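Notes to accompany the following structure.
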Amino acid sequence: MNNSIFSSEQIFCRAYNEGIFNHMKNDGMDLGSFIRVCANAYFDPHVYSNAKNQLRIKFENLVHKYKMAFKNGNGELIQESNEDLLIFLKIVCMGWDKLKSTEKRREEMWNIQFNQIRSFRPRGTAKRQVKGIKTGFDERKFNFNKPFLQNECFWEGNLEGEQISLFYNKYPIVEFHTLLVPDRLKNIPQFIEEKYHRYIWTLTEKLGVNIQGLGFGYNSYGAFASVNHLHFHMFIKKEEFPVMHKDWKHNGGSRNYPSACEVFSSPDESWSYINELHKKNIAYNLLYLPGKICCFPRKKQGTYEHSSWTSGFAWYEMSGSMIVFNSKDYEMLNEKLISNEFAKLSIG
């Protein structure tokens, strides 16, 4: 594909939204595509305003389709994934008109987000304990080569010398949230090598010239990476992440960040640090920004008990933005509870 979509923020964002809207034009829109468009619409007001009427029609058509299938004894012909069916059932039970757009607020230094449709997902990886930060790729498990995922691929081609696939994040948590998969068909597990670290560093700097707010997040295996297939979370976020606030010591301020955070301004220094984490089998999350990277070493998932208000801290939470799963937690979450959660996973 032509990589001109990366030539400006306007072109990229337009292509991103057009890809979502194009799924709406498909009369045979499957359930997975419906939920992806729905999740994006209820996250982004612009998408919602353009898609709300069509989404309601698609919803009513799907309800009728499944009702008739079960009524006629053909329920076994429904081939949708269990997760998609569960989420759709929750929407049906709640009622279409009761769905809420994503809510966001500030709490002292932190961002808090209540993402209702995302909250309908089963919390698959949260309690899974892992011993190391690397495990072999398993084609039998969920990965980006699965045929049913290919219609979620937003763009694919050569970008700055590497073959990449860019997938929509089905449940976005940040603006223009996609998943960048380098050399997809090589089946690389979620363990970053120096080559890909330097590639993402360079890509962040080069694309960031024309696309303001562009960056990447990364979760190591054992730090709430949801897929063991090498991928990076790409986003465009105009507002500064809380971890970049000038008051934190790692940015020259006087306040200690509540968890270990190392900030580097070169790919060489940051790789030396990441490589040491690999040698010591320490899980970590990364935040790539133009000319800067934040490294968050932390305890592995499953080795501590996280609070019920979170499904576990990944790169987004480690950067200071919290996701909750009900209105009560959205209202009650405060700085003390957030700091306590950081303390649980901190390795000093």
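The values are calculated or read from the model by the stated rules, or taken from the named source; none is laboratory data. Predicted, not measured: the structure shown is a model, and the values here were computed from it. Every residue, glycine among them, receives a Cβ derived from its backbone with ideal geometry; neighbour counts consider all protein chains shown.
Is it true that P290 is at pLDDT 95 or above and closer than 24 Å to S311 by Cβ? Full working, then the answer.
Numbers: at pLDDT 95 or above: yes; closer than 24 Å to S311 by Cβ: no.
In short, no.
Can you name every residue in the range 306-348 that is aliphatic (A, V, I, L, M) and crowded, with 19+ Cβ neighbours inside 10 Å? Step through it out loud before you land on a result.
If we filter the range 306-348 for residues that are aliphatic (A, V, I, L, M), which is where we start, we get 314, 318, 322-324, 332-333, 337-338, 343, 345, 347.
Once the filter is applied, which keeps residues that are aliphatic (A, V, I, L, M) and crowded, with 19+ Cβ neighbours inside 10 Å, the range 306-348 yields A314, M318, M322, I323, V324, L333, I338, L345.
Select from the range 46-67 the residues that are surrounded by 15 or more Cβ atoms within 10 Å (Cβ to Cβ) and either aliphatic (A, V, I, L, M) or free of Cβ contacts under 8 Å to residues at least 24 places away in the same chain (or both) and write down the one among them that is nearest to I78 (Cα to Cα).
Narrowing the range 46-67 to residues surrounded by 15 or more Cβ atoms within 10 Å (Cβ to Cβ): 47-48, 50-51, 54-55, 58-59, 62, 66.
Still in the running and either aliphatic (A, V, I, L, M) or free of Cβ contacts under 8 Å to residues at least 24 places away in the same chain (or both): 47, 51, 55, 62, 66.
Details: V47: 28, A51: 25, L55: 20, L62: 11, Y66: 8 Å.
Result: Y66.
Can you find, within the range 120-136, the residue that is farthest from N285 (Cα to Cα) among those that are out of contact with any helix residue (DSSP H, G or I) (no Cβ under 9 Å at 6 or more places or on another chain) and surrounded by 11 or more Cβ atoms within 10 Å (Cβ to Cβ)?
Of all residues in the range 120-136, those out of contact with any helix residue (DSSP H, G or I) (no Cβ under 9 Å at 6 or more places or on another chain) come to 123, 125-132, 135-136.
With the extra rule that they be surrounded by 11 or more Cβ atoms within 10 Å (Cβ to Cβ), the set shrinks to 123, 125-128, 130, 132, 135.
Working: R123: 19, T125: 16, A126: 15, K127: 18, R128: 17, V130: 15, G132: 15, T135: 17 Å.
Ranking the candidates gives R123 first.
Here are the criteria: (1) at pLDDT below 90; (2) of a type outside the set (A, V, I, L, M); (3) farther than 29 Å from I323 by Cβ. Tell me which single one G32 does not satisfy.
(3)
If I ask for residues that are without any contact (Cβ under 8 Å) to a residue 60 or more places away in the chain and within 18 Å of T204 (Cβ to Cβ), which ones from the range 137-162 would you list?
Within the range 137-162, the first condition is being without any contact (Cβ under 8 Å) to a residue 60 or more places away in the chain, and the residues that meet it are 139-140, 146-147, 149-150, 153, 160-162.
Selection gives E160, G161, E162.
For L214, work out the one condition from (1) within 21 Å of I274 (Cα to Cα); (2) crowded, with 22+ Cβ neighbours inside 10 Å it doesn't fulfil.
(1)
Can you tell me which condition R105 does not meet? The list is (1) touching a strand residue (DSSP E or B) at 6+ places or on another chain (Cβ under 8 Å); (2) at pLDDT 95 or above; (3) surrounded by 14 or more Cβ atoms within 10 Å (Cβ to Cβ), and all the others hold.
Unmet for R105, out of (1) touching a strand residue (DSSP E or B) at 6+ places or on another chain (Cβ under 8 Å); (2) at pLDDT 95 or above; (3) surrounded by 14 or more Cβ atoms within 10 Å (Cβ to Cβ): (3).
Sort out which residues of the range 71-99 are exposed (fewer than 13 other Cβ atoms within 10 Å of the Cβ) and not aliphatic (A, V, I, L, M), and write them in order of number.
Matches in the range 71-99: K71, N72, G73, N74, G75, E76, Q79, N82, C93, G95, D97, K98.
Within the range 192-204, how many residues turn out to be crowded, with 16+ Cβ neighbours inside 10 Å and out of contact with any Phe, Trp or Tyr (no Cβ under 6 Å at 6 or more places or on another chain)?
Within the range 192-204, the first condition is being crowded, with 16+ Cβ neighbours inside 10 Å, and the residues that meet it are 192, 196-197, 199-201, 203-204.
Then keep just the ones that are out of contact with any Phe, Trp or Tyr (no Cβ under 6 Å at 6 or more places or on another chain); that gives 192, 196, 199, 201, 203.
Summing the residues that are crowded, with 16+ Cβ neighbours inside 10 Å and out of contact with any Phe, Trp or Tyr (no Cβ under 6 Å at 6 or more places or on another chain) in the range 192-204 gives 5.
Only one of G312, G320 is touching a strand residue (DSSP E or B) at 6+ places or on another chain (Cβ under 8 Å) and either of a type outside the set (D, E, K, R) or more than 19 Å from Y273 (Cβ to Cβ) (or both). Can you tell me which? Can you show your working first?
On the way: G312 fails: touching a strand residue (DSSP E or B) at 6+ places or on another chain (Cβ under 8 Å).
That would be G320, the only listed residue that is touching a strand residue (DSSP E or B) at 6+ places or on another chain (Cβ under 8 Å) and either of a type outside the set (D, E, K, R) or more than 19 Å from Y273 (Cβ to Cβ) (or both).
Given the options E76, E108, E83, name the one that is among the acidic types (D, E) and over 26 Å from D329 (Cα atoms).
Values: E108 fails: over 26 Å from D329 (Cα atoms); E83 fails: over 26 Å from D329 (Cα atoms).
Unique residue meeting the criteria: E76.
Out of curiosity, is L149 in a helix (DSSP H, G or I) and within 22 Å of A39 (Cα to Cα)? Outline the logic, then answer.
On the way: in a helix (DSSP H, G or I): yes; within 22 Å of A39 (Cα to Cα): yes.
Considered against the rule, which asks whether it is in a helix (DSSP H, G or I) and within 22 Å of A39 (Cα to Cα), L149 comes out as yes.
I want to confirm something. Restricting to the range 108-133 and keeping residues that are of a type in the set (G, A, S) and assigned to a loop (DSSP other than H, G, I, E, B), which single residue is modelled with the lowest pLDDT?
Let us first name the residues in the range 108-133 that are of a type in the set (G, A, S), namely 119, 124, 126, 132.
Adding the requirement that they be assigned to a loop (DSSP other than H, G, I, E, B) leaves 124, 126, 132.
On the way: G124: 61, A126: 52, G132: 90.
Ranking the candidates gives A126 first.
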